[in-house]
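Colleague: What follows is a structure written as structure tokens; I'll ask about it next.
The values are calculated or read from the model by the stated rules, or taken from the named source; none is laboratory data. Predicted model only: the values in this text are computed from it and were never measured. For neighbour counting, all protein chains shown are included, and Cβ atoms are generated from backbone atoms with ideal geometry for every residue, glycine included.
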Amino acid sequence: MPLHRLSAVHVRVARYAEFCDFYRRFGLEEIASGRFASARGGQQLHVEPGDRNTVVEIVIGADAPSDLDAVEAGLQAAGHTPERPSSETLLVAEPTTGITIRVTVEPRVPAIRPRGGIPEVNRAELVGRARVRPQRLGHMVLGCPDVDAVNRFFTECLGMRISDEVIGAVFLRFDTDHHNLAFLRSDHTWLHHMAWKVGSVDEVGYGAMQLIDHDQSTNCYGLGRHAASANYFWYLRDPSGSLAEYYHSEFDDLVDDAEFWNPVPNQAPMPVASWGPSLPPTFFAPTGQLSAGATQPGEEGP
């Protein structure tokens, strides 16, 4: 497949200082003002101050310039006019949301294969208590006015594949992650959540509790396990009004063939979670400026 990962996201937020402080506590490393890196994915979050909360740009990784040639040809065939500032970069505006899509040649993040056998056990370290560092950005979910049009853009023009449908949201993927993008019906474009992969379910729980202990209002939904992807999850409220997700998946690193995630024929839509706490109403409409006007998946927008 020409495109292989969700590399980065660029946002503008009204509560810039609080937003940056949240992601420092979340475990990203601020390598420059407003620029944050995960442990293995490099710089993956670019934040700027703004009058309102906006998703400015989504960056997608490709293996080689020839992959960008194929994407450019597909976009042009669909009537879009991408820019090609260099052989290793392509820019195009997604027409429904207005978000700039930057496709750039970037290395893949190597999978971490589970170790075989029983590791050496240290009685003092049965459960880790080190500071949680997200390994990489895994996926994003956004609200938008025309979900069908956006899904067509990413599947027909950029070659993303459909994995599953969960109560109205179609999960789209590049490679062996279950999903990298999904869209919810809304009256405007906004960021529902960014999901950051961590190394274990213990890190999901420990990272979330560190944030909640600091500020109880950050807690939204978790701990649980998603039905479609089998990801363990915990969602926290960030200061912009969107959600930040810690997640862990064994399958992203075990699956070698992206065909593994192809939809099961005639499968009924799955619930959000196989197990976990009751789904709070605010999960689909988090409080804050970014999320005003959001509607639940499966409902008609205003």
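Colleague: Let me confirm something: among 64, 37, 130, which residue is modelled with pLDDT of 95 or more and either over 21 Å from the mean Cα position of the chain (by Cα) or farther than 30 Å from residue 209 by Cα (or both)?
Modeller: Details: 37 fails: either over 21 Å from the mean Cα position of the chain (by Cα) or farther than 30 Å from residue 209 by Cα (or both); 130 fails: modelled with pLDDT of 95 or more.
From the options 64, 37, 130, the qualifying one is 64.
Colleague: If you check 128, 143, 138, which single one turns out to be of a type in the set (Gly, Ala, Ser) and part of a loop (DSSP other than H, G, I, E, B)? Please lay out each step first, then the result.
Modeller: Details: 143 fails: part of a loop (DSSP other than H, G, I, E, B); 138 fails: part of a loop (DSSP other than H, G, I, E, B).
None of the others qualify; the one that does is 128.
Colleague: Could you list, ordered by first residue, the pairs with Cβ atoms under 7 Å in which the first is in region 264-275 and over 18 Å from residue 224 (Cα atoms) and the second is surrounded by 10 or more Cβ atoms within 10 Å (Cβ to Cβ), at least 6 apart or interchain?
Modeller: 269/165; 269/166; 269/167
Colleague: Still on this structure, I have one more. Suppose we filter 59, 47 for residues that are in contact (Cβ under 8 Å) with a residue 24 or more places away in the chain, in contact with a helix residue (DSSP H, G or I) (Cβ under 7 Å, 6 or more places away or on another chain) and either under 17 Å from residue 140 (Cβ atoms) or among the hydroxyl-bearing types (Ser, Thr, Tyr) (or both); which single one remains?
Modeller: None of the others qualify; the one that does is 47.
Colleague: Turning to a different aspect of this structure: Return the total of residues in region 234-276 being farther than 30 Å from residue 11 by Cα, modelled with pLDDT under 95 and not charged (D, E, K, R).
Modeller: So the answer is 13.
Colleague: Could you pull out the residue among 143, 138, 159, 168 that is of a type outside the set (Phe, Trp, Tyr), modelled with pLDDT of 95 or more and either more than 17 Å from the chain's Cα centre (by Cα) or buried (at least 20 other Cβ atoms within 10 Å of the Cβ) (or both)? Don't jump to the end; show me each part of the working.
Modeller: Values: 143 fails: modelled with pLDDT of 95 or more; 159 fails: modelled with pLDDT of 95 or more; 168 fails: modelled with pLDDT of 95 or more.
The conditions single out 138.
Colleague: Okay, next question. Got a sec? Which of 101, 112 is within 24 Å of residue 131 (Cβ to Cβ) and either aliphatic (A, V, I, L, M) or in a loop (DSSP other than H, G, I, E, B) (or both)? Outline the logic, then answer.
Modeller: Working: 101 fails: within 24 Å of residue 131 (Cβ to Cβ).
None of the others qualify; the one that does is 112.
Colleague: Oh, and also: Considering every residue within region 50-60, establish whether at least one is touching a strand residue (DSSP E or B) at 6+ places or on another chain (Cβ under 7 Å), surrounded by fewer than 15 Cβ atoms within 10 Å (Cβ to Cβ), in a strand (DSSP E or B) and charged (D, E, K, R).
Modeller: No, because not a single residue in region 50-60 is touching a strand residue (DSSP E or B) at 6+ places or on another chain (Cβ under 7 Å), surrounded by fewer than 15 Cβ atoms within 10 Å (Cβ to Cβ), in a strand (DSSP E or B) and charged (D, E, K, R).
Colleague: Looking only at region 180-191, how many residues end up being at pLDDT below 95 and either touching a His at 6+ places or on another chain (Cβ under 8 Å) or over 23 Å from residue 157 (Cα atoms) (or both)?
Modeller: 2
Colleague: Just need a number here: residues in region 62-92 that are in contact with a Pro (Cβ under 7 Å, 6 or more places away or on another chain) and β-branched (Val, Ile, Thr).
Modeller: The number of residues fulfilling the criteria is 2.
Colleague: Which residue, of 208, 244, 285, is closer than 28 Å to residue 18 by Cβ, under 20 Å from the mean Cα position of the chain (by Cα) and assigned to a strand (DSSP E or B)? Reasoning before the result, please.
Modeller: Numbers: 208 fails: assigned to a strand (DSSP E or B); 285 fails: assigned to a strand (DSSP E or B).
Of 208, 244, 285, the one residue that is closer than 28 Å to residue 18 by Cβ, under 20 Å from the mean Cα position of the chain (by Cα) and assigned to a strand (DSSP E or B) is 244.
Residue-by-condition table, conditions (1) within 29 Å of residue 148 (Cα to Cα); (2) surrounded by 15 or more Cβ atoms within 10 Å (Cβ to Cβ):
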residue	(1), (2)
74	yes, yes
78	yes, no
87	no, no
97	yes, yes
103	yes, yes
132	no, yes
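Colleague: A further question on this structure: With the requirement that a residue be under 11 Å from residue 246 (Cβ atoms) and crowded, with 19+ Cβ neighbours inside 10 Å, what does region 207-218 give you? Break it down into steps so the answer makes sense when it comes.
Modeller: Applying the first criterion (under 11 Å from residue 246 (Cβ atoms)) to region 207-218 yields 207-211.
Residues satisfying the conditions are 207, 208, 211.
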